[in-house]
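Peer 1: Quick one: structure below, then a few questions.
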Amino acid sequence: MKRARWLCGLVALAGGLAATSLSAQVRRAPERLPAPAPEAKFTPRFEALAETKLLMEGLAQPNYRAVEKHLQGKGPPDVDTWMFARGQALLIAETGNLLLLRPPRNEGRDIWMRRATDMRQSAGALARQLGNRNLAGSRTALLDLTDKCNACHRTFRVPTRIGPNEEN
């Protein structure tokens, strides 16, 4: 008799578990969470922090002089020096980008933008020539960059001249 009760209890327990698991498997519609609020589109505000003179004296002139020095004589002695000079030309090009952030507030704005773009393009062409380890092409590109720099300085009456006869 004990055995029969025990067996009956076991069957009842198994039946209860089976019924519970079947009811747990009933498909329910998934709960829908509220959609997250869309983030506001972030637009950075470009702000010129350094003075133009600092960009010229800290970035453009030292890198220009270094590239000029690398191109003297037989040119850079090894691949690493060519690539370093290329990096210096790219820094000059990036200086052109920084100049685009700080146009004058007077009627010279359009010409400033053109001159800064000219500088960026000429320095980019110089970087390509240096990357190709083309000494003659690099020297020609450096002369073109020199002309672009001096044209801007003449336009905005900056007394500094770039090139072999630099005056500071």
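Residues checked against (1) surrounded by fewer than 16 Cβ atoms within 10 Å (Cβ to Cβ); (2) aromatic (Phe, Trp, Tyr); (3) under 17 Å from PHE84 (Cα atoms); (4) over 24 Å from the mean Cα position of the chain (by Cα):
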| site | (1), (2), (3), (4) |
| --- | --- |
| ALA125 | no, no, yes, no |
| LEU130 | no, no, yes, no |
| ASN134 | yes, no, yes, yes |
| SER138 | no, no, yes, yes |
| LEU143 | yes, no, no, yes |
| ASN150 | yes, no, no, yes |
| ARG157 | yes, no, no, yes |
| THR160 | yes, no, no, yes |
| GLY163 | yes, no, no, yes |
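Peer 1: Also: From the list LYS41, LYS53, which residue is over 22 Å from ALA93 (Cα atoms) and out of contact with any Cys (no Cβ under 8 Å at 6 or more places or on another chain)? Quick ask: steps written out before the conclusion?
Peer 2: On the way: LYS53 fails: over 22 Å from ALA93 (Cα atoms).
Result of the check over LYS41, LYS53: LYS41.
Peer 1: Would you point out which residue out of LEU22, LEU49 is farther than 30 Å from PRO103 by Cβ and either at pLDDT below 80 or in a loop (DSSP other than H, G, I, E, B) (or both)? Give the derivation first.
Peer 2: Working: LEU49 fails: farther than 30 Å from PRO103 by Cβ.
When all the criteria are applied, what remains is LEU22.
Peer 1: Show me the helices (runs of 4 or more DSSP H) found entirely inside the stretch 60-168 where at least 2 residues are β-branched (Val, Ile, Thr).
Peer 2: Working: elements: 61-70, 79-100, 109-131, 135-155.
Passing ranges, in order: 79-100, 109-131, 135-155.
Peer 1: Which one is farthest from THR52 (Cα to Cα) among residues in the stretch 86-138 that are among the small types (Gly, Ala, Ser) and touching a Lys or Arg at 6+ places or on another chain (Cβ under 6 Å)?
Peer 2: Among residues in the stretch 86-138 that are among the small types (Gly, Ala, Ser) and touching a Lys or Arg at 6+ places or on another chain (Cβ under 6 Å), the one farthest from THR52 (Cα to Cα) is GLY131.
Peer 1: Okay, next question. Based on this model, can you work out whether LEU55 counts as under 15 Å from ARG139 (Cα atoms), hydrophobic (A, V, I, L, M, F, W, C) and either out of contact with any His (no Cβ under 7 Å at 6 or more places or on another chain) or surrounded by 13 or more Cβ atoms within 10 Å (Cβ to Cβ) (or both)? Even if it seems obvious, please write down each step before you answer.
Peer 2: On the way: under 15 Å from ARG139 (Cα atoms): no; hydrophobic (A, V, I, L, M, F, W, C): yes; either out of contact with any His (no Cβ under 7 Å at 6 or more places or on another chain) or surrounded by 13 or more Cβ atoms within 10 Å (Cβ to Cβ) (or both): yes.
No, not satisfied.
The values are calculated or read from the model by the stated rules, or taken from the named source; none is laboratory data. Predicted model only: the values in this text are computed from it and were never measured. Reconstructed Cβ throughout: ideal geometry from the backbone, glycine too, with neighbour counts over all protein chains shown.
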